[in-house]
1. Regarding region B:140-152, can at least one residue be identified that is within 19 Å of residue A:193 (Cβ to Cβ), away from chain A (no Cβ under 11 Å) and part of a loop (DSSP other than H, G, I, E, B)?
2. Could you tell me which residue of region B:69-86 is modelled with the lowest pLDDT, considering only residues that are more than 9 Å from chain A (Cβ to nearest Cβ) and not in a helix (DSSP H, G or I)?
3. Residues that are under 16 Å from residue B:61 (Cβ atoms): which strands (runs of 3 or more DSSP E) entirely in region B:210-273 hold 2 or more of them?
4. I need a count of the residues in region B:187-224 that are under 13 Å from the mean Cα position of the chain (by Cα) and closer than 23 Å to residue B:76 by Cα.
5. Mind listing whichever residues of region A:245-262 are free of Cβ contacts under 8 Å to residues at least 12 places away in the same chain and not in a loop (DSSP other than H, G, I, E, B)?
6. Quick check, is residue A:175 without any contact (Cβ under 8 Å) to a residue 60 or more places away in the chain and either within 14 Å of chain B (Cβ to nearest Cβ) or assigned to a helix (DSSP H, G or I) (or both)?
7. Would you tally the residues in region A:193-204 being crowded, with 20+ Cβ neighbours inside 10 Å and either farther than 20 Å from residue B:178 by Cα or not assigned by TED's automatic domain parsing to the domain that holds residue A:105 (or both)?
8. Of the residues A:224, A:229, only one is modelled with pLDDT of 90 or more, under 30 Å from residue A:282 (Cβ atoms) and away from chain B (no Cβ under 12 Å); which?
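The values are calculated or read from the model by the stated rules, or taken from the named source; none is laboratory data. The structure displayed is predicted, hence computed values, not measured ones. A quick note on method: Cβ atoms are made from the backbone with ideal geometry, for glycine too, and the neighbour counts reach across all protein chains shown.
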């Protein structure tokens with residue numbers, strides 16, 4: 001017993017000396033990595049900052065009430081984003097309810113009703129994969145199904161449906177996570193009183209999961225607002241001097257209008273584009289803030 | 001108003017029905033076997049559960065006592081891999097029968113869980129949850145149910161002035177009594193309690209134990225407990241489970257004074273478990 005104790009004691013002291021000698025080199029390494037990580041963060045911050053400064057210095061001059069309420073024009077000084085801004089709102093009015101109903105419905109089915117077997121596992125995997133499919137592929141899908149097969153034309157409806165499909169996987173996954181995080185004890189309590197599955201889902205699961213579901217929906221919609229590719233694919237117009245009057249009207253949206261301006265040769269149009277970008281950024285910021293606000297508000301209450 | 005006159009007599013009727021007959025059984029469990037996948041958790045369980053008495057189920061961890069109580073209101077079905085055979089008769093009807101509606105069973109057989117699990121709603125909304133899902137909408141009837149249920153769970157005096165406050169503001173013991181009140185609001189026949197005091201401090205535990213004594217006048221109670229003294233204090237009958245089997249089931253006084261089986265004796269005298 002004693003011998004063993006002695007041995008470990010000496011081993012320990014020897015080790016200690018060695019470790020002490022080692023400490024400075026380990027500290028240097030630690031500092032090195034800290035610097036590396038700060039550098040990585042700093043780099044992306046600087047890039048973002050440069051981008052913002054450039055856009056603001058270019059665009060702020062053209063940003064005015066007239067810019068918001070004017071139709072696009074051949075003269076940069078008269079050009080406005082009115083039709084694209086309203087077009088975006090029209091499209092969202094289609095995309096938001098369609099994607100909410102389909103997405104949350106799918107999430108409820110997969111989490112609460114579907115048996116956990118290989119088939120639902122396959123569905124689950126495909127939904128996750130769909131979230132990674134390039135948006136232009138969804139554009140092709142929209143072109144084939146909505147524009148041609150269902151003959152909706154290059155309409156608000158076709159654009160809204162295509163966007164809804166694009167963000168559906170994000171909404172499904174976010175809603176599933178929100179539903180899954182509802183404590184099992186609450187569901188047990190409800191079932192234990194003779195509630196049916198739908199009563200439990202409607203009265204217990206959905207209210208508890210709603211903040212998470214809403215947050216996911218808003219973030220997905222803010223992605224849809226910035227998407228260009230699928231709409232170019234289905235042929236949304238780039239120069240629209242009228243407002244959509246109904247769901248089958250032709251339309252344009254803000255990112256397409258911005259893209260159109262930047263591709264013009266006159267430099268002033270690039271400044272007009274920058275103003276459009278500022279407006280788009282503000283919209284995104286507002287939507288994301290609402291998402292954060294909802295999350296915080298409900299988290300506190302629980 | 002019509003609904004009111006309809007619901008009131010039902011309460012009294014059931015109370016009268018339950019009055020005396022000590023030999024009547026609410027449950028008759030017949031050769032019950034249960035598997036989690038390939039692991040058998042309950043083996044040939046036979047058990048009659050008497051009306052208006054407290055039946056305690058004791059045994060070491062993993063002996064199947066929680067699983068057993070959860071088969072009584074078919075909560076085990078929520079786990080997909082569970083398979084059962086044998087039969088459980090509740091009031092002479094086999095609850096595993098295909099035609100038997102599980103919602104109907106759980107309306108008659110309430111459950112109180114190990115961890116207090118109030119809904120993230122007001123105290124009032126917690127109590128009326130059950131009546132509401134069964135279709136009662138009249139505000140006056142709901143108010144009456146809330147008062148009656150909270151009084152039944154010995155919580156009324158503590159919360160009557162803050163019924164609209166969130167239930168999460170209550171202490172653990174109060175939350176558990178709220179869960180009992182929530183269960184009483186559905187006017188069940190049997191109350192299953194799965195270690196209802198294991199997450200509570202001694203004073204809250206004492207209150208729940210007193211409450212159980214009070215409740216057995218109107219309800220039949222099955223309680224799982226890992227606390228043998230508790231079983232001794234509050235139950236009329238005790239079943240000792242070990243490795244999925246009932247080793248001994250008898251009057252509580254007999255189990256604790258002169259157990260027939262060596263293993264029961266070892267367990268209650270604290271030699272294992």
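1. Within region B:140-152, not a single residue is within 19 Å of residue A:193 (Cβ to Cβ), away from chain A (no Cβ under 11 Å) and part of a loop (DSSP other than H, G, I, E, B).
2. Looking at residues that are more than 9 Å from chain A (Cβ to nearest Cβ) and not in a helix (DSSP H, G or I), I get B:79.
3. Qualifying strands (runs of 3 or more DSSP E): B:237-242, B:245-251.
4. Qualifying residue count, region B:187-224: 17.
5. Of everything in region A:245-262, just one residue is free of Cβ contacts under 8 Å to residues at least 12 places away in the same chain and not in a loop (DSSP other than H, G, I, E, B), namely A:262.
6. The answer is no for residue A:175.
7. Adding up the residues that qualify gives 1.
8. Working: A:229 fails: modelled with pLDDT of 90 or more.
From the options A:224, A:229, the qualifying one is A:224.
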